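A quick write-up on the structure given underneath.
Values in this text are rule-based calculations from the coordinates and carry no lab data. These figures come from a predicted structure and were not determined experimentally. Glycine gets a Cβ as well: all are built from the backbone with ideal geometry, and neighbour counts include every protein chain shown.
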Amino acid sequence: MYTATSKEQIILELNLNKFRSQLKSANLAARTVLQAVFGSGKPADRVLSAWLRENRQCGSRDRQFIGEAVYAMLRYWGLLRKFLPAERLAEIERGEIRLARLELDALLFAAFYLDYRNLPAADAIARELGFPWPKPDREARNQLLARAGALGKIFGVDAVFADGDLLPQWIATHLPEGLDRERFLADLAARPPMWLRMQTAETDHLVADLSAAGLAVSRHGKIADAVAVTGRVNLFTLDAFRNGLFEVQDLASQCIGLAAAPRPGERWLDACAGAGGKTLQLAALMNRTGTVVATDIRSYKLDDLRTRARRAGFPNIRTREWDGKPYQGKQAARFDGVLVDAPCSCSGVWRRNPDGRWTLKAEELADITRVQFEVLTAAAPAVKPGGVLIYATCSLFPEENGGVLERFLAAHPGYTLEDFPNPLTGEPTGGTLQVFSYDGDCDSMFVARMRRQEALEDAAL
């Protein structure tokens, strides 16, 4: 018979072995993701998802540990890179991951330590590696930089850390006027909440069900269908999700549909629908009447949309591929409203997808804005005279937002900006809205609402 003491020792040893297994898996996953992100610019979320599919032996807690490890490393990469020798850093940033296991474990420790909500994991890795526990300056105004400085002493590097390290230096010159830099950078250093959009009239019941499932639920004060949730619950296993009662959709993204404000019975086009989050929102705002036609150049995205539409029971959604060519002839002037959520730099979602900060190059912006203008110009003729055209991006960069919009309006005088209320505050916008992450603890995005004149005066159409 085991004594109480021996039982405790066995439990501790089992837990330690479990942790070592998790750390090994996190090391392998991080190595794979870093190689793909820096070597070929692949999105980290897709690479990590593929890795987890190939390693199904990882349980739910293992997956959570691995995900937190990988994303913490990417989130704080600008600080972590200062702990590496120049030659090793150069190797990594061209996709050659030659770090020894202990070296990568040390970076994972540093990432968890910087992400202070994961200090228990950092403590466990420090013990495993025999690292002394870093002690930051408690009086420092910026605790993130204080923790980075404490790590510097452990790693033996004489580096200066700044909040600007959370972004590549070139990006600072492209950020918009009016951005609160301190709050913006603070958001980049933090994980965002999960926002849901309710797709049922029984919102009170649904909120109660989500709370009963173990989630902390917070309703938005202005947007009735928007709720933020936190907790260690897999949303996609809930009956409420399987029955289409809610969709995962960021608060900023929901603002785009509300700016469009489609009316029941109308005919709308979601020109760059992707997997269809905004398509579903438009269909819901129309009380499941009328028609929303969702198009995209990527057929697999439309497959996802069709699945989501069936799950939610939307009879008013149609899908078809679109090659980006201009709407003309019988295809033109058929829609009461057209939404162009254009391909973009995705700089507004870097809080959620931190790898994008490190892979985007300044020279790519010109190509991105060219595509945005071309897509907006090609979709615009689909709007009926008197109809609405919405241009949106999940970008922070003025070149992609106001820059593209100004160019379009100059070339198409038949369109004018139309005021709409800011969904987050109710205040008038004058026709354009830039949401920053700190405006609602959400992604950043831009949206413009335009009205086409009744007369076909636009020679370009």
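Given the rule -39500 (n - 2.57) for each run of at least 4 DSSP H residues, summed and divided by the residues of the chain, what is its mean residue ellipticity at 222 nm, to the nearest 500 deg cm²/dmol?
Rounded to the nearest 500, the figure is -13500 deg cm²/dmol.
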Discussion item. For the range 251-452, take N as its residue count and report Rg(C-alpha) divided by 2.2 N^0.38 Å.
Written reply: 0.96
Worksheet item: Which percent, nearest 5, of DSSP beta bridges in the chain are antiparallel?
Response: 60 percent
Item to complete: Could you calculate the contour length gain from Arg101 to Arg320, that is, 0.36 nm times the residue separation minus the distance between their Cα atoms, to one decimal place in nm?
Response: 74.1 nm
Worksheet item: Could you give the length gained on full extension between Gln143 and Ala261, defined as 0.36 nm per residue of separation minus the Cα-Cα distance, in nm?
Response: 38.2 nm
Worksheet item: Using r as the Cβ-Cβ distance of Leu28 and Thr416, and R0 as 60 Å, what FRET efficiency do you calculate, to the nearest 0.05?
Response: 0.60
Fill in: Extension gain (nm, one decimal) between Gln331 and Glu54, 0.36 nm per residue minus Cα-Cα
95.3 nm
Worksheet, complete the sentence: per DSSP, antiparallel bridges as share of beta bridges in the range 251-452, % nearest 5, sits at 45 percent
Discussion item. Based on alpha-carbon centroids, what's the gap between the range 311-339 and the range 356-370 in Å, whole number please?
Written reply: 28 Å
Item to complete: Mind giving me the nanometre distance, one decimal, between the label points for Arg94 and Gln35, set 7 Å out from Cα along Cα→Cβ?
Response: 1.7 nm
Worksheet item: How far apart, in nm, are the 7 Å Cα→Cβ label points at Asp45 and Ala216?
Response: 2.3 nm
Fill in: Separation between Cα centres of the range 371-394 and the range 71-129, rounded to whole Å
44 Å
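To the nearest 0.05, what FRET efficiency results for Glu399 and Ile297 with a Förster distance of 35 Å applied to their C-beta separation?
Values: r = 22 Å, r/R0 = 0.64.
Working from the Cβ atoms, E equals 0.95.
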Item to complete: Using only the Cα atoms, work out Rg/Rh for the range 313-377, with Rh taken as the Kirkwood radius, to two decimals.
Response: 1.08
Practice prompt. Could you run the Debye sum over the Cα atoms of the range 135-210, one equal point scatterer each and no solvent, and tell me log10 of I(q)/I(0) at q = 0.17, 0.19 Å⁻¹, two decimals?
Written response: -0.80, -0.89
Response to the item:
Of all lysine pairs in the chain that are eight or more residues apart or on different chains, those with Cα atoms under 24 Å apart total 17
Worksheet entry | P(r) histogram, all alpha-carbon pairs of the range 70-218 included - 10 Å bins from 0, percent | 9, 32, 28, 18, 10, 2
Worksheet entry | Along each principal axis, Cα extent of the range 193-249, largest first, Å | 28, 21, 19
Worksheet item: Label points 7 Å out from Cα along the Cβ direction at Arg181 and Ala208: separation in nm?
Response: 5.0 nm
Item to complete: Two decimals is fine: what is log10 I(q)/I(0) at q = 0.12 Å⁻¹ for the chain, from a Debye sum with one equal scatterer on every Cα and no solvent?
Response: -1.11
Response to the item:
At the level of C-alpha centres, the distance separating the range 166-183 and the range 17-43, in angstrom, is 29 Å
Discussion item. On the Cα set of the range 354-408, report Rg and Dmax in Å, please.
Written reply: 13.2, 43
Response to the item:
Rounded to the nearest 0.05, FRET efficiency between Glu427 and Glu363 (Cβ-Cβ, R0 35 Å) equals 0.40
Fill in: Calculated P(r) tail over 23 Å for the range 4-166, as whole % of Cα pairs
40 percent
Fill in: Largest-first principal axis extents of the Cα set of the range 186-308 (Å)
38, 33, 28
